[in-house]
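Please read the structure below before turning to the comments.
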Amino acid sequence: MASEAIEKLIAALNRLPGIGAKTARRLALEMLTWDTDEVRELADLMVDVKTRVRRCSICFNLTEVEPCSVCSDMRRDRSSVMVIDFIGDLLAFERTGLYRGLYHVLDGRISPLDGIGPEDLNISQLLHRLRHGEIREVILANGPTVEGDATAQYLSQCLTPFEVSVTQIARGLPVGSDLALADQVTLSRALEGRREY
Amino acid sequence: MICHTDGLVLRGFRMSESSKVVVLFSRDYGKLRLVAKGARRPKSKFGASLEPMTWGRYVFYRQDNRELQILSEGDIAHAFEPVKQHYGRMAAGSAICEFLDHITEDEDRNPLLFSIALEAMRWVGSIAEIALDVPVWYFQIRAAGAVGYRPHMSGCVQCGARLQRHRLGFSPGLGGTLCDKHAGVGMRVQFETVNFMAHLQVGRPDRIDLSLLRGVNRAEVTRILRAFFDQHIESRYRPKALDFFERLRAAEPALPYGAGIQDL
Ligand SMILES: [Zn+2]
């Protein structure tokens, strides 16, 4: 053991996703070579993020201002809302630059095995938006898993009383993969989701 | 050693950014915990074969004294799509997978239990929605029998007397039903309920007579099973999926089962 302080830092870094014990040790030793100011700047940034970044009260996106930059952007299509499971999914869709509507982050998926029910997700807030807004289309973009499908099924039941069009993003084959190696569930979803060409 | 086995995926956990751990109830090796590297990536070779409630053929590399084994292949045999594509059926299937996980130890081989699980999963996908509780009860009762905790329901567990229509009891501690004379020590139960539960013990799904559901009190079956398993199967955690399923069912009408049964 080098020193108690270093070991503590290694253990803390080790808690981050994708950082194993070895990488944590390398990062900790690297920080020791930095100037004290540089290290302080990094620490301040982390504290800053934690204290300034909140959730948007409308869509649950991460934001420093209320509402978030997506919800307050008047150039976006306010009649369309895409429902996603996690904030990471929102960031992924924003990277495409193709979607110009609004979002709604559920913060999870319905999962009986984990004891996560509809009441644990931001579903009532979505229904509130539908009741009091100008939304005409809901795009279900829940993850392609049993839990994501269950969430989509539940949502589509909740959405029937509303006069909105409900669509779901395509399920099926990843671009660049080999068709012959795809499993039967993936292929049948791809077939079900086929469209006019 | 490279091993091949059929198995039912009970659940999965995220392990790292791209990998996951799958709990598999396998026919040939019992319950296994398998690491599937890269399984969370969109182009993973495992595809949909590691989703919970999937019956597949799996290849893994087995090493003794390892808690986690390395999974190398997964091929879907039956994806139970009718279960996964319906909210209530998915909840029932989850309850079955959770119960199977709950009553088994790692690497304790039990091919009978495996085939009961597949039967129950198929039944969850095909039975009329009104009777969706039945495959779950069926699995709990048959699975308990397959691991050595068969509730005694064919007579009085104390004296062996035949069960009469009225004044019946059930004792979780004694592990079965009680006749009029001995019913004092147990919980009060109805004849129709016990009769139907006993019926579930004997047949395979295709031989279960669902007309016997008439007069069965759903909440009573649930209460009996809970009390029995609390007593006999060590419970370190509260069942989540079963709670979820029972909440969903409790919101449904038709209690006790009446009209509608003849259509089954
Ligand atoms: Zn927002």
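Quick note: the coordinates plus some simple rules give every number you see, no bench work behind them. Everything quoted here is computed from the prediction, not taken from an experiment. Don't worry about glycine lacking a Cβ; one is built from the backbone with ideal geometry, like all the others, and counts go over all protein chains shown.
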Computed helical MRE - 222 nm, chain A, DSSP H runs ≥ 4 contributing -39500 (n - 2.57), nearest 500: -13000 deg cm²/dmol
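Grab the alpha carbons of the stretch B:1-44, take their convex hull, and tell me the volume per residue in Å³. Show your work: numbers first, answer last.
Numbers: hull volume 3.7 nm³, N = 44.
Once divided by residue count, the hull of the stretch B:1-44 is 84 Å³.
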Quick one: dipole size for the stretch B:2-79, taken about the Cα centre, charges +1 on Lys/Arg Cβ and -1 on Asp/Glu Cβ, in debye to the nearest 20. 260 debye
Please arrange B:Cys97, B:Cys3 by how many other C-beta atoms lie within 10 Å of their C-beta, fewest to most. B:Cys3, B:Cys97
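As a test of the formula, what do you get for chain B when each DSSP H run with n ≥ 4 contributes -39,500 (n - 2.57) and the sum is divided by the residue count, at 222 nm and rounded to the nearest 500 deg cm²/dmol? Could you put the intermediate results ahead of the total?
Values: 7 runs with 89 residues, N = 264.
Rounded to the nearest 500, it is -10500 deg cm²/dmol.
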Identify, among A:Ser156, A:Gly101, B:Ala92, the residue whose Cα sits farthest towards the positive end of the charge dipole of the protein assembly as shown, taking +1 on the Cβ of Lys and Arg and -1 on the Cβ of Asp and Glu, with the dipole about the Cα centre. B:Ala92
Rounded to whole Å and sorted largest first, list the principal axis extents of the Cα atoms in the stretch B:38-174. 61, 40, 18
Plugging the Kirkwood radius over Cα pairs into Stokes-Einstein for the protein assembly as shown, at a temperature of 10 °C and a viscosity of 1.306 mPa s, what D comes out in µm²/s? 63 µm²/s
Mind jotting down a quarter of the surface of the convex hull over the alpha carbons of chain B, in square nanometres, one decimal? 14.7 nm²
List the residues whose amide H sits under 5 Å from the amide H of B:Gly176, counting only those 5 or more places along or on another chain, with H placed 1.01 Å from N in the peptide plane. B:His152, B:Ser171
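Once you list every other residue whose beta carbon is under 11 Å from the beta carbon of B:Cys156, what net charge do they have if Lys and Arg are +1 and Asp and Glu are -1?
Numbers: positive: B:Arg162, B:Lys181; negative: B:Asp180.
Charge balance near B:Cys156 sits at +1.
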If the viscosity is 0.692 mPa s and the temperature 37 °C, what translational diffusion coefficient in µm²/s does Stokes-Einstein give for the stretch B:2-79 when Rh comes from Kirkwood over Cα pairs? 273 µm²/s
Calculated from backbone phi, Karplus (6.51, -1.76, 1.60) coupling profile of the stretch A:153-165 in Hz, x at Gly/Pro: 4, 4, 4, 5, 5, 5, 8, 4, x, 8, 8, 10, 8
Provide the FRET efficiency to the nearest 0.05 for the A:Leu32-A:Ile87 pair, computing r from the beta carbons and using R0 = 35 Å. 0.60
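Enter the mean number of other protein chain beta carbons within 10 Å of the beta carbon of each residue in A:148-159, as an integer. Mind showing how you got there, number by number?
Working: counts 0, 6, 7, 1, 1, 6, 2, 0, 1, 1, 0, 0.
Rounded to a whole number, the mean comes out at 2.
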What distance in nm separates the simple spin-label points at B:Arg41 and B:Arg62, each placed 7 Å from Cα in the Cβ direction? 2.8 nm
